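First the structure, in the form of structure tokens, and then the observations on it.
The values are calculated or read from the model by the stated rules, or taken from the named source; none is laboratory data. This is a predicted model, so every value here is computed, not measured. All Cβ positions, even for glycine, are placed from backbone atoms using ideal geometry, and neighbour counts span all protein chains on display.
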Amino acid sequence: MKNVLLIFLMYPWILFSQGYSFNYKCTEFETQLKGPYKGNKRTNYIYINSRDSTIQAYDYKFSYGKNLFIYDTEHNVFWNFDRNNLNKPLSLINFSTIKEYEDEFIVKDVIVEKIDNLSYNVSLYSKKGKKKPRVRLKIDLVASKIPIQKFRFMDLSMNIHLYFYDALMKEIPSQFYQLKSVITEMNGVVMLNEFNCKEEDIFFDVSPFLK
């Protein structure tokens, strides 16, 4: 019943679109440098529409398999697909409204320090004046044809990511950069995320699940 109601609310969009189009594919190489799974690596994919920031998709590899998550904030819709067999059509696991989770901590202060031309340290604090940040990040940027894209790369809420992006964007010389690599220190764990974003037209057809 819940899915039927969602489809009814989305009906005008369904008639027009039938799916989600993206024009950039970012390969994310993730390595745990310090922590209980030190040395673990995985490769994920992030799909971006540089003309429409209301949609994003994440192709994640988990211990139990691969999943494709599509977030459509304009229509408040979340899709979860099984991606274990890339040679077969998408297999729907879940279709729901986007759940708003509580932030893992309240961000009270963000400090950005420039290291060199395209490198920055960003520290997120849960209390102003505190010496130790809750999250410390070392950022390397690369020039881009499109403005910086705000996608998730930490196990934190999107709202906390936005604090990071908004503070960083105030310091960089222009918006035409993308994340090249991020080293994140949080809760005793150190993660390295490296990104390689390229233009690629990708379409995810969701019409079979809207009938």
Inset, instruction - Scan the stretch 51-77 for residues that are within 21 Å of residue 198 (Cα to Cα) and over 15 Å from the mean Cα position of the chain (by Cα) and report the count. - result: 1
Legend entry - In the stretch 92-110, the residues that are part of a strand (DSSP E or B) and exposed (fewer than 13 other Cβ atoms within 10 Å of the Cβ): 94
Inset, instruction - Inspect the stretch 158-177 for any residue being under 21 Å from residue 194 (Cβ atoms), in contact (Cβ under 8 Å) with a residue 60 or more places away in the chain and not acidic (Asp, Glu) and give the result as yes or no. - result: no
Inset, instruction - Kindly indicate whether any position in the stretch 120-132 is aromatic (Phe, Trp, Tyr), over 20 Å from residue 184 (Cβ atoms) and either touching a helix residue (DSSP H, G or I) at 6+ places or on another chain (Cβ under 7 Å) or in the same structural domain as residue 21 (by TED's automatic domain parsing) (or both). - result: no
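Quick one: count up the residues across the stretch 78-91 that are over 17 Å from the mean Cα position of the chain (by Cα) and in a strand (DSSP E or B).
Selection size over the stretch 78-91: 2.
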Inset, instruction - Search the stretch 94-115 for residues that are touching a residue at least 12 places away in the same chain (Cβ under 8 Å) and within 25 Å of residue 74 (Cβ to Cβ) and pair each with any residue that is surrounded by 12 or more Cβ atoms within 10 Å (Cβ to Cβ) and small (Gly, Ala, Ser) when their beta-carbon atoms are under 9 Å apart and the residues are at least 6 apart or on different chains. - result: 101/157; 102/157; 103/157
Legend entry - Given (1) at pLDDT below 95; (2) within 18 Å of the chain's Cα centre (by Cα), number of the condition residue 48 does not satisfy: (1)
Inset, instruction - Go through the residues of the stretch 78-89 one by one and say whether even a single one is closer than 30 Å to residue 34 by Cβ, charged (D, E, K, R) and either outside the structural domain of residue 193 (by TED's automatic domain parsing) or touching a Phe, Trp or Tyr at 6+ places or on another chain (Cβ under 7 Å) (or both). - result: yes
Inset, instruction - Looking only at the stretch 133-143, decide whether some residue is surrounded by fewer than 18 Cβ atoms within 10 Å (Cβ to Cβ), touching a strand residue (DSSP E or B) at 6+ places or on another chain (Cβ under 6 Å) and either modelled with pLDDT under 95 or under 30 Å from residue 89 (Cα atoms) (or both). - result: no
Legend entry - Breaking point among (1) buried (at least 18 other Cβ atoms within 10 Å of the Cβ); (2) in contact with a helix residue (DSSP H, G or I) (Cβ under 7 Å, 6 or more places away or on another chain); (3) within 30 Å of residue 200 (Cβ to Cβ), for residue 152: (1)
Inset, instruction - Can you run down the residue pairs with Cβ atoms below 6 Å, 6 or more apart or on separate chains, where the first is in the stretch 63-79 and of a type in the set (D, E, K, R) and the partner is modelled with pLDDT of 95 or more and not in a loop (DSSP other than H, G, I, E, B)? - result: 72/55
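Keeping to the stretch 111-166, report how many residues are of a type in the set (Phe, Trp, Tyr), assigned to a loop (DSSP other than H, G, I, E, B) and out of contact with any Cys (no Cβ under 9 Å at 6 or more places or on another chain). Step through it out loud before you land on a result.
Taking the stretch 111-166 as the starting set, the residues that turn out to be of a type in the set (Phe, Trp, Tyr) are 120, 125, 151, 153, 163-165.
Still in the list and also assigned to a loop (DSSP other than H, G, I, E, B): 151, 153.
Now drop any that are not out of contact with any Cys (no Cβ under 9 Å at 6 or more places or on another chain), which leaves 153.
Residues flagged as of a type in the set (Phe, Trp, Tyr), assigned to a loop (DSSP other than H, G, I, E, B) and out of contact with any Cys (no Cβ under 9 Å at 6 or more places or on another chain) within the stretch 111-166 amount to 1.
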